[in-house]
Amino acid sequence: MRIAVVTEEFAPAFGGVREQVQHFAREARRLGHVVKVVTGDVRGAPRPDGEDDVIRIGASRQVLRGGVVTRVTGGPGAGAAVREVLARERFDVVHVHSPLTPVLPLLALHHATGPVVGTFHAHARPGLVLRVARRMAQRYLDRLDAVVAASRACLGRIEGRFRGEVRIVPTGVDVDRFARGRRMPRYDDGKLNVLWIARAEKRNGLALMLSAFQRAWRQIDARLLVVGDGPALGRIRAAVPSDLEEDVVFAGRIDDERPDWYATADVVCAPAQSASGGITLLEAMAAGKPVLASDVAGYRDVLQHGREGELVAASDEGAWARALVRLSREPVRAAAYGERGRMTVQRHAWPVVTRELIGIYRMIGAAG
């Protein structure tokens, strides 16, 4: 089967969509399929390995939209380039990530002539033009032969507006990679290592995490590990009280060594304030770590309260602090959460998720 995966978010950018695309493409190729990633061209950026299977179009620029850093491809010839690529490559199916996001996803929907699948992610919201132009947005939605989302919450207000079948497919995770992490000796000193790992954007709850950690820190010997960058990082870092500074580590953006940070954690916290596909939860489970996560719709589809971890009221600093103290004082409970997480995450392994997606392609008539 010849598969096109169209996305604005791809290397050298970091993020969940990029990783989802990379891992799916790798696993689908292993199964014998041809996968081409169609994305924007980040001018001046070094080319990652494996670029033979990447088709770059136009000029990709970073923009801040609704407090979220994302990418948009521009250039007067972008539409013609997408049309030419789709005609030349003769794909059996076109899989578009964040279908209502300008520019490449919309162009792919407009020019595709065969079966089309769209995946909606937690952060994907229609742009202002499409929110206003409801009829225009509906025409693009009607072009989808199948709709994929990690959870119903990812669909938001557009649920029920699809002509094609809606399928909930779990977010994929590289289980083996995160199971191989090694605990970092410099943080192995008996303190409870609390890991927050995400982009520092308002929706991901870093400010709440810092406040909750400070409350717990007054009762237990703990350290907060902050992994990630983002627009809110400087402001939050400046707000750390002087007496807390030694126990709050800002590691910045980490990619290759990310499994080691999970291995070093004693508990992983995901205080996102809105729906999500839950990739942080799954990576933590693959590492065998207990998880504290916001009690929001996207996370409820991933974590069962009292099994792999605990769901905590999203904006209740006190509840987060109490949960941290409780896990610190009940290591047997924390270990049990971690072991159950290892079992749960197996159904999110990429071989399982990829086969489900290939099944959807065949269901809507893709050849191969």
Quick one: which residues, 5+ away or cross-chain, put their amide H under 5 Å from the amide H of V42? H built at 1.01 Å from N.
S60
Just how large is the dipole of the stretch 216-336 about the Cα centre, in debye to the nearest 20, putting +1 at every Lys and Arg Cβ and -1 at every Asp and Glu Cβ?
320 debye
Name the residues whose placed amide hydrogens come within less than 5 Å of the amide hydrogen of G277, ignoring near sequence neighbours (fewer than 5 apart) on the same chain.
A122
Positive minus negative residues near E317 (Lys, Arg vs Asp, Glu; Cβ under 13 Å):
+2
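What FRET efficiency would be calculated for the residue pair R215, R167, taking the C-beta separation as r and a Förster radius of 35 Å, to the nearest 0.05? All intermediate terms of the calculation are to be shown ahead of the outcome.
Values: r = 41 Å, r/R0 = 1.18.
Efficiency for this residue pair is about 0.25.
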What does the extension gain come out to for A207 and S242, with contour length at 0.36 nm per residue minus their alpha carbon separation?
11.0 nm
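Considering only DSSP beta bridges where both residues belong to the chain, give the percentage that are antiparallel (nearest 5).
Numbers: 7 of 54 bridges.
DSSP beta bridges in the chain are roughly 15 percent antiparallel.
If r is the Cβ-Cβ distance from R43 to R139 and R0 is 41 Å, what FRET efficiency results, to the nearest 0.05?
On the way: r = 32 Å, r/R0 = 0.77.
Approximately 0.85, to the nearest 0.05.
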Residue farthest toward the positive end of the dipole of the stretch 124-251, with Cβ of Lys/Arg at +1 and Asp/Glu at -1: which of A137, L224, A198?
A137
For L327, what is the net charge nearby, where nearby means another residue's Cβ is under 9 Å from its Cβ and Lys, Arg count +1, Asp, Glu -1?
0
Entry for Cα extents along the principal axes in Å (calculated from the structure that is shown) out of (i) 88, 60, 40; (ii) 48, 46, 45; (iii) 62, 40, 38:
(iii)
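Excluding K191 itself, what net charge comes from residues whose Cβ is under 15 Å from its Cβ, given Lys and Arg +1 and Asp and Glu -1?
Taking every other residue near K191 into account, the sum is -2.
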With every protein chain left in place, what is the accessible area per residue of the stretch 281-368 in square angstrom, probe 1.4 Å?
41 Å²
Among G277, S328, F213, whose Cα sits farthest toward the positive end of the charge dipole of the chain (+1 at Cβ of Lys/Arg, -1 at Cβ of Asp/Glu, about the Cα centre)?
G277
Amide hydrogen neighbours beyond the local backbone of V35, cut-off 5 Å, H modeled
I3
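The values are calculated or read from the model by the stated rules, or taken from the named source; none is laboratory data. Every value quoted in this text rests on a predicted model; they were computed, and no experiment measured them. In this analysis, Cβ positions are derived from the backbone assuming ideal geometry, glycine residues included, and neighbour counts consider all displayed protein chains. Surface areas here come from the heavy atoms of the whole protein model, side chains and all, with no ligands, DNA or RNA. Shrake-Rupley method; radii C 1.70, N 1.55, O 1.52, S 1.80 Å.
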